[in-house]
Ligand SMILES: [Zn+2]
Ligand SMILES: [Zn+2]
């Protein structure tokens with residue numbers, strides 16, 4: 001069967017893609033749901049009057065879950081069944097120092113891809129066709145984490161499945177990358193800062209992106225394009241700094 005996919009293999013790939021879609025969708029509902037609940041107790045009334053917007057955020061996000069789930073499911077199948085990818089499970093397969101370094105490499109690579117595709121999507125045509133969906137959240141809520149037009153969802157969905165073919169990563173570190181991606185995606189849109197002031201305004205905080213930074217992107221559009229780090233925004237002069245103190249009512 002060299003080089004030819006059997007019917008059985010194709011069914012297994014489809015099942016893997018479907019399972020991954022369900023996982024991504026449930027992960028989104030649980031994470032966004034948990035932070036939306038937290039918002040209700042920490043900032044009561046913050047999402048008042050946003051019910052119809054939230055409905056749209058959830059529908060776009062669940063569509064995105066399918067788009068994220070398909071490449072992830074195909075690659076997960078290939079990793080298990082065909083030995084594709086550079087994902088390793090034996091911690092001794094690479095030097096231990098590679099674990100934290102690979103985490104940063106993955107986050108930085110994803111951030112770089114996101115920054116440049118995001119800037120591109122703010123050009124008039126791609127904005128009108130695709131990115132306007134994400135900016136329809138005014139102000140964004142915890143449910144907006146994956147509220148993307150399918151074109152934008154595809155640009156986001158291919159990054160990690162492509163990286164695992166080239167950059168070795170321990171399966172546990174990969175889980176960490178996905179967890180950071182999920183939590184930051186939700187908290188950056190939540191409408192309030194969950195991280196302590198002392199961190200957000202520290203040296204470390206000045207290189208990391210949290211809600212205080214991404215909120216400004218949703219207010220002013222043509223600045224603060226980054227995902228995890230302020231590196232590209234700073235380098236390219238698109239960093240407009242953090243939202244004014246008190247922006248989230250604390
Ligand atoms: Zn956003
Ligand atoms: Zn944008």
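The values are calculated or read from the model by the stated rules, or taken from the named source; none is laboratory data. What you are looking at is a predicted structure, and each value in this text was computed from that prediction instead of being measured. In this analysis, Cβ positions are derived from the backbone assuming ideal geometry, glycine residues included, and neighbour counts consider all displayed protein chains.
Considering only the range 187-200, state which residues are over 21 Å from residue 108 (Cα atoms), more than 16 Å from ligand 1 (Cβ to nearest atom) and not in a helix (DSSP H, G or I). Before you say what the answer is, go through the steps one by one.
Our first condition is that a residue be over 21 Å from residue 108 (Cα atoms); within the range 187-200, this holds for 190-194, 196-198.
When the remaining residues are screened for being more than 16 Å from ligand 1 (Cβ to nearest atom), the result is 196-198.
196 - this is the single residue of the range 187-200 that is over 21 Å from residue 108 (Cα atoms), more than 16 Å from ligand 1 (Cβ to nearest atom) and not in a helix (DSSP H, G or I).
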Check residue 217 against each of (1) in a helix (DSSP H, G or I); (2) within 13 Å of ligand 2 (Cβ to nearest atom); (3) in contact (Cβ under 8 Å) with a residue 40 or more places away in the chain and name the one condition it does not meet.
(3)
Can you name every residue in the range 202-214 that is away from ligand 1 (no atom under 15 Å from the Cβ) and either touching a residue at least 12 places away in the same chain (Cβ under 8 Å) or farther than 30 Å from residue 45 by Cα (or both)?
203, 204, 206, 207, 208
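Each row is one residue, and each column tells you yes or no for (1) touching a helix residue (DSSP H, G or I) at 6+ places or on another chain (Cβ under 6 Å); (2) buried (at least 19 other Cβ atoms within 10 Å of the Cβ); (3) closer than 21 Å to residue 62 by Cα.
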position	(1), (2), (3)
98	no, no, no
125	no, no, no
138	no, no, yes
144	yes, yes, yes
151	yes, no, yes
160	no, yes, yes
165	no, no, no
179	no, no, yes
Which residues, counting only those in the range 25-59, are touching a helix residue (DSSP H, G or I) at 6+ places or on another chain (Cβ under 6 Å) and without any contact (Cβ under 8 Å) to a residue 60 or more places away in the chain?
25
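Considering each of 174, 208, 235 in turn, give the residue that is in contact with a strand residue (DSSP E or B) (Cβ under 9 Å, 6 or more places away or on another chain), away from ligand 2 (no atom under 16 Å from the Cβ) and over 18 Å from residue 27 (Cβ atoms). Spell out how you get there, then give the answer.
Values: 174 fails: over 18 Å from residue 27 (Cβ atoms); 235 fails: in contact with a strand residue (DSSP E or B) (Cβ under 9 Å, 6 or more places away or on another chain).
The match here is 208.
Tell me, which helices (runs of 4 or more DSSP H) wholly within the range 42-140 include 3 or more residues that are away from ligand 1 (no atom under 16 Å from the Cβ), farther than 18 Å from residue 189 by Cα and under 20 Å from the mean Cα position of the chain (by Cα)? Steps first, please.
Values: elements: 51-82, 98-121, 132-135.
Fully inside the range 42-140 and qualifying: 51-82, 98-121.
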Pairs only if they're at least six apart or on different chains, beta carbon under 6 angstrom, first in the range 82-97 and within 30 Å of residue 5 (Cβ to Cβ), second assigned to a loop (DSSP other than H, G, I, E, B) and modelled with pLDDT of 95 or more; list them, first residue then second.
86/168
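Kindly provide the set of residues from the range 220-250 that are part of a helix (DSSP H, G or I) and buried (at least 18 other Cβ atoms within 10 Å of the Cβ), ordered by number.
We begin by selecting, within the range 220-250, every residue part of a helix (DSSP H, G or I); these are 220, 231-235.
Result: 232, 233.
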Across the range 127-136, which residue is nearest to residue 71 (Cα to Cα) among those that are surrounded by fewer than 19 Cβ atoms within 10 Å (Cβ to Cβ), touching a residue at least 12 places away in the same chain (Cβ under 8 Å) and touching a helix residue (DSSP H, G or I) at 6+ places or on another chain (Cβ under 9 Å)?
130
